[in-house]
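We did not get these values from a lab; they are worked out from the coordinates using the rules stated. All of these numbers come straight from a predicted model, not from anything done at the bench. As a convention, Cβ positions derive from the backbone with ideal geometry for all residues, glycine included, and neighbour counts pool all protein chains shown.
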Amino acid sequence: MKSIATSLLAPLLVFILLFFHFESLAKKKKGRLPMAVLVQLRVERNREKALTEHYQTAKLQILKDDTRKTNQAMINDYKDNFTLCPVYFYLDMNYDAVKAGRLDGVLLDADGNTVKKTVIPKDSTNYIIVHWGRPTMQSVFESRVRDTTAYGYNSGLPGGEGLIINDYTMHQLSYFYKFEFDEGEKGTTRRKYQYHSKEFNIQYYPSAKLLQTKLLKNPGHIRITKLMRSYRKQDRF
C-alpha cells in the first residue's frame with residue numbers, strides 16, 4: 001500500500017510544481033505587455049481648411065468620406081481582431097494632449113463615445129500608442145527614436161507606410177510596413193478592415209491581428225524588452 005501511495009504521490013507533486021511554474025511564467029509574460037493600446041484616428045483639419053478656402057466642395061466631400069471610411073476600417077480592425085488588452089481611440093487633433101499624458105476627456109471607445117474611466121492608472125506609462133503613417137528608419141539596436149527629425153524616412157520602399165508603435169511620450173518604439181500584413185483575407189472581410197482613398201494619400205491596412213501576434217510571440221521588429229525600457233518600474237506588474 002505504501003509503495004502504491006508513493007507512486008501516486010510523485011506524479012501529483014510533479015503536476016503541482018508544473019502548474020505553479022507555468023502560472024508564474026504566465027504572470028511574468030503578462031507583466032511585460034502593455035495594459036492598453038491607444039489608436040490614433042484621422043481628422044484632416046488642414047486639408048479640409050485648404051479645400052474650403054479654395055471652394056473645392058466636391059473634393060472636400062470626398063476627403064470627409066475617405067477620412068470617415070479609413071477611421072471606421074481601423075476601428076473595426078481593432079474592435080474585432082485585438083483582444084490582448086483594452087483599446088482606446090483618439091483624434092489626431094488631440095495629439096499634443098496624448099503626448100503629454102493628458103488622457104481625461106480625450107480617449108474614445110469604438111462607438112465614438114468619450115471614455116470616462118480607463119484601465120490606465122494616473123501617471124502610468126504602461127501603454128503604447130499606434131498610428132498609421134511613414135515610419136522613421138530605426139536601427140535594430142535602437143530601443144526608441146526620440147527625435148524623428150534627425151532621421152530619414154523609408155519612403156522609397158513599396159510599403160512606405162505602415163503601423164508605427166510609440167511609447168507614452170510618442171517616441172517611436174517599432175513599426176512594420178503594410179507588405180507585412182496578411183494578404184490572404186479577401187472579399188467582405190478584407191473591405192471591413194481596409195481602406196485606400198483613390199483621391200488622397202489616405203489609407204489603412206489591417207494591423208490589429210499582426211500587432212497582437214508580434215506582442216505575444218515577440219518576433220520581428222517588436223521586442224517586448226524594447227517596449228519595457230519605456231515603462232517605469234512601478235508599472236511592471
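Computed packing ranks the peptides 169-176, 199-206 as 169-176, 199-206, most packed first, by mean other Cβ atoms within 10 Å. Within the shell of other residues whose beta carbon sits under 11 angstrom from the beta carbon of H131, the net charge comes to 0, with Lys and Arg scored +1 and Asp and Glu -1. Structure note, pairs K79/K178; K64/K117; K117/K214: Cα-Cα distances above 21 angstrom occur for K64/K117; K117/K214. Computed 3J(HN,Hα) for the stretch 81-92, one whole-Hz value per residue from the Karplus formula 6.51 cos²θ - 1.76 cosθ + 1.60 where θ = phi - 60°, is 10, 10, 10, 5, 7, x, 10, 10, 10, 8, 7, 4, glycine and proline marked x.
For the pair K64 and K198, the difference between a 0.36 nm per residue extended length and the Cα-Cα distance amounts to 46.9 nm. With the simple spin-label model, which puts each label point 7 Å out from Cα in the Cβ direction, the K122 to E53 separation comes to 4.2 nm.
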